Amino acid sequence: MTPLIQPMFAANAAVYAIQNATTEGKITVIVLLILSLFSWTIIITKFRQLMIAQKATKKFLAAYSTTRDPLDIQRKGQEFDGAPAYHLYIRGADELAYQLKNNPVHVQAVARFNPANGGDAKTDFLAKSTPTKISMASFEAVKVILEEAASGEAMALEKGMIVLSTAVAGGPFIGLLGTVWGVMSTFAGIAESRAATLTAMAPGVAAALVATVTGLLVAIPAMFAYNFMVTTIRHLTQELDGFASRYANQTEHVYVDHRPLADEIRDANETLAGRIVGALKNDEIPAPVELKNNEAPALVES
């Protein structure tokens, strides 16, 4: 049989089998075709989403590595749409900015930086030169937001994968169900007609087998796509968890107040004393009256 005739024969065999299929067999094939439609829709959209996520995440992590300030990218207004790590970063940066604005801890900044010390000293320089920080309680709120964002991004990456797993696991079984049902109907018809010939059996058996073929055609592409996407999602999720830990660590180092208790009390006292002095300067305090010898102060009438 020539290569050109083989596809034509396979197509004619499929058409012949479908034409002779029972009602149950046709319903099975229709169900598998609907499942295949959903499966290919998920494959195309998810593949596009993962490719964009990989490229955008690579660009975002490269940009984030160039700065030591956890809020630098947000302040610059840089955007990396499609990157799960960037979406997590925005959630954490927004919460950090909110805590810095509404629950600030003011410290005395000490900025001394020697460029010869290398890149690690830049983080220490930034931490010491930041006069506005947050408390550990505020930092816990930031970490909660980071955990929620990481879980949300992971769920967004895995969305729709249940359809592919269903197609992989359920497609062959649905097809097998249609095949067994069709063979059962064929043998029941042969028993009623009492004509056990190959000509009588062939249409029913062929129509029954087309359900199994359809189930395999649904499951095989879904299996390859599912394995590839699960591996890619796992890689992106690990990058996301690693970035969340890194971002939390840098945020704690730069913006969280880790002063000893004695320093906090001293700064609080200095701040309170400054406020009292300022209030006294702003109030009009009458000058003391000089009294002559043996002179009693005059009573002021109310």
Once you put a point 7 Å from the Cα of ALA156 and another 7 Å from the Cα of ARG75, both along the Cβ direction, what distance in nm separates them? 2.6
In nm, the gap between the two label points placed 7 Å beyond Cα toward Cβ at SER165 and HIS106 is 5.4
To the nearest 0.05, how large is the calculated FRET efficiency for ILE27 and ALA63 if R₀ is 45 Å and r is the Cβ-Cβ distance? 0.25
If I take R0 = 45 Å and measure r between the Cβ atoms of SER135 and LYS281 in this structure, what FRET efficiency does the formula 1/(1 + (r/R0)^6) give, to the nearest 0.05? 0.90
If each K or R counts +1 and each D or E counts -1, the residues other than LYS59 whose Cβ falls under 15 Å of its Cβ total 0
So how far apart, in nm, are the two label points at HIS253 and GLU192 if each is 7 Å from Cα heading toward Cβ? 8.0
Taking the Cβ-Cβ separation of TYR98 and MET184 as r and a Förster radius of 45 Å, what is the calculated FRET efficiency to the nearest 0.05? 0.10
Over 21 Å between Cα atoms: which of LYS58/LYS143; LYS101/LYS133; LYS55/LYS159; LYS59/LYS101 fall into that group? LYS58/LYS143; LYS59/LYS101
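Bear in mind these aren't lab numbers, they're just calculated from the coordinates by the rules spelled out. Small disclaimer: the values here were computed from a predicted structure and weren't measured. Heads up, the Cβs are rebuilt from the backbone with ideal geometry, glycines too, and the neighbour counts pull from every protein chain shown.
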